[in-house]
Amino acid sequence: MARVFSGVKPTGHLTLGNYLGAMRKWAEVDQHRSDALFCVVDLHALTVDHDPARVRRLSRQAASLLLAAGLDPERCTVFVQSHVDEHARLSYLLECVATDGEMRRMIQYKEKAAREQTRGGSVRLSLLTYPVLMAADILAYGADEVPVGNDQTQHVELARDLAVRFNQRYGHTFVVPRATSPGVAARVMNLQDPASKMGKSDDVGPGIVYLLDDPDVVRKKVMRAVTDSGRGVVYDREARPGLANLLEILAACTGGEPVEMAGAYDSYGALKKDTAEAVVEALRPVRERHRELCADPGYVEGVLRAGADRARGMARPTVDAAYRAIGLLPPVAAAAADAVR
Ligand code: TRP
């Protein structure tokens, strides 16, 4: 059975883009066909200016939303990254395999560092090394498949390169992973700016539908989505991106095809209204389950504790093997030490 690993970063509220683009498929497909781990990657939230209380709150919320979206702790492992030391342990070893040049070539680093510098801020060293920690997340579990959006494929490529290089230098230790694309209905774009992705958790604005938005807020955001100036309702991603986005959201929520959806409408108004209702309906069960989970924080804590225990058990042997392979002296177990004495 394939081992699947993916992560959500608790830097912002989860969006409709995260749900339709990733989480829904994890719940409906991946957890049933594979041995899957889904991780709230809280260490990654510390790479940019952060508020400790907010990271804590968003981490708890992300975990609850993963469960609310249908991840079943009986079928997959849901846990918080910082609860399992193996990520940080392995990350350091991989820093000894990665190069400085390799890190500075990462597109996301270049973009985020440039943005930070134009604001006059400083760039945390962890922003540069972030992709190494991400590689550790993946390699610690021997994941074969990593479902991620396009913006993360370069990071998964790096994880592959590091796995291959480590194996060549120090002996076979890691499974070489590959990025898998979430497939159709995956790319939900910002309703106010259909050229940029809605999933970006650190953006804010009226073009982003959050999973926990009230139904009326969802309706308002969809009704105010920018459309294009062309005539009629046709599905054309290039020429009519705003309209195409609405058609794709509607199709993703109702299980149809965007082209067929286009044929069913002759006005933007009707399309927006139906899309708004479809989104509200798609999010309703998630909101309801989330509310139930919030009323029972002990349950979520229990799931995360059991998830971390299971994850640790999976990662430990691989990370210990990497420690030995790279040349670190194994600690002597207490019983053996006594015997020597
Ligand atoms: N970097 C990913 C993002 O920003 C989150 C992430 C961290 C991740 N570690 C991972 C995704 C491991 C997949 C596998 O979305």
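The values are calculated or read from the model by the stated rules, or taken from the named source; none is laboratory data. Just so it is clear, the structure is predicted and the values come from calculations on it, not from any experiment. Heads up, the Cβs are rebuilt from the backbone with ideal geometry, glycines too, and the neighbour counts pull from every protein chain shown. In case anyone asks, the SASA skips ligands and DNA or RNA and just uses the protein heavy atoms, side chains included. Shrake-Rupley method; radii C 1.70, N 1.55, O 1.52, S 1.80 Å.
How many nm is it between the label spots at Ala264 and Arg224, if each spot is 7 Å from the Cα in line with the beta carbon?
Distance between the two pseudo-spin positions: 2.7 nm.
Compare the Cα positions of Val41, Thr99, Gly149 along the charge dipole of the chain (+1 at Cβ of Lys, Arg; -1 at Cβ of Asp, Glu; about the Cα centre) and return the one farthest towards the positive end.
So the residue furthest toward the plus end is Thr99.
Which entries of Lys25/Lys272; Lys9/Lys220; Lys221/Lys273; Lys25/Lys110; Lys9/Lys112 show an alpha-carbon separation above 22 angstrom in the structure shown?
Flagged as over cut-off: Lys25/Lys272; Lys9/Lys220; Lys25/Lys110.
What accessible surface, in Å², does a 1.4 Å probe find on Lys220, ignoring ligands, DNA and RNA and rounding to the nearest 10?
Probe radius 1.4 Å; accessible area of Lys220 about 110 Å².
Would you please put 204-212, 166-174, 231-239, 7-15 in order of how densely packed they are, using the mean number of other Cβ atoms within 10 angstrom per residue and starting with the highest?
Order by mean packing, descending: 7-15, 204-212, 166-174, 231-239.
Find, among the GluC sites (Glu not before Pro) in region 35-123, those assigned to loop by DSSP (not H, G, I, E, B) with at most 10 other beta-carbon atoms within 10 angstrom.
Qualifying residues, ordered by number: Glu74.
Under the Kirkwood approximation for Rh and a Cα-based Rg, what ratio Rg/Rh is obtained for the chain?
Rounded to two decimals, Rg over Rh is 1.01.
With every protein chain left in place, what is the accessible area per residue of region 21-138 in square angstrom, probe 1.4 Å?
On a per-residue basis, region 21-138 sits at 44 Å².
Using the Kirkwood radius over Cα pairs, work out the Stokes-Einstein diffusion coefficient for region 215-293 at 4 °C and 1.567 mPa s, in µm²/s as a whole number.
Value of D from the Cα-based Kirkwood radius: 100 µm²/s.
Summarise the accessible area of the chain (1.4 Å probe, protein heavy atoms) by the percent that is carbon and sulfur.
52 percent
Could you give the nm distance between label points at Ser122 and Arg33, where each point is 7 Å from its Cα heading toward the beta carbon?
4.8 nm
Among Ala335, Pro182, Gln61, whose Cα sits farthest toward the positive end of the charge dipole of the chain (+1 at Cβ of Lys/Arg, -1 at Cβ of Asp/Glu, about the Cα centre)?
Ranked along the dipole, the leading option is Ala335.
Considering the alpha-carbon set of region 42-113 alone, what are its Rg and its Dmax in angstrom?
Values for region 42-113 (Cα only, Rg and Dmax): 15.5, 42 Å.
Under DSSP H, which helices of the chain have Cα atoms covering 15 Å or more of the helix axis and a Kyte-Doolittle average no less than -0.5?
52-68, 125-139, 241-254, 297-326
Please list the equivalent ellipsoid semi-axes of region 203-341, computed as the square roots of five times the alpha-carbon gyration tensor eigenvalues, in descending order and whole angstrom.
So the three semi-axes of region 203-341 are 53, 21, 12 Å.
Under unit Cβ charges (Lys, Arg +1; Asp, Glu -1), what dipole magnitude, rounded to 20 debye, does the chain have relative to its Cα centre?
I would put it at about 540 debye.
Which is farthest toward the positive dipole end of region 215-293 among Ile249, Val234, Pro285, measuring Cα position about the Cα centre, with Cβ charges +1 (Lys, Arg) and -1 (Asp, Glu)?
Among Ile249, Val234, Pro285, the one farthest towards the positive end of the dipole of region 215-293 is Pro285.
Could you sort the peptides 278-285, 326-333 by per-residue average Cβ neighbour count (10 Å cutoff), highest mean leading?
278-285, 326-333
How far, in nm, would the chain grow between Ser196 and Val217 when pulled straight, counting 0.36 nm per residue and subtracting the alpha carbon separation?
5.5 nm
Sorted by accessible area with a 1.4 angstrom probe, largest first, how do Cys39, Cys294 fall?
Order by accessible area, largest first: Cys294, Cys39.
When the helices in the chain are scored as -39500 (n - 2.57) per DSSP H run of 4 or longer and the sum is shared across all residues, what 222 nm value do you end up with, to the nearest 500 deg cm²/dmol?
-16000 deg cm²/dmol
If you roll a 1.4 Å probe over the heavy atoms of the protein chains, what accessible area per residue do you get for region 145-196, in Å²?
Value returned for region 145-196: 48 Å² of accessible area per residue.
Ignoring ligands, DNA and RNA, what accessible area per residue does region 215-293 give at 1.4 Å, in Å²?
That works out to 52 Å² per residue.
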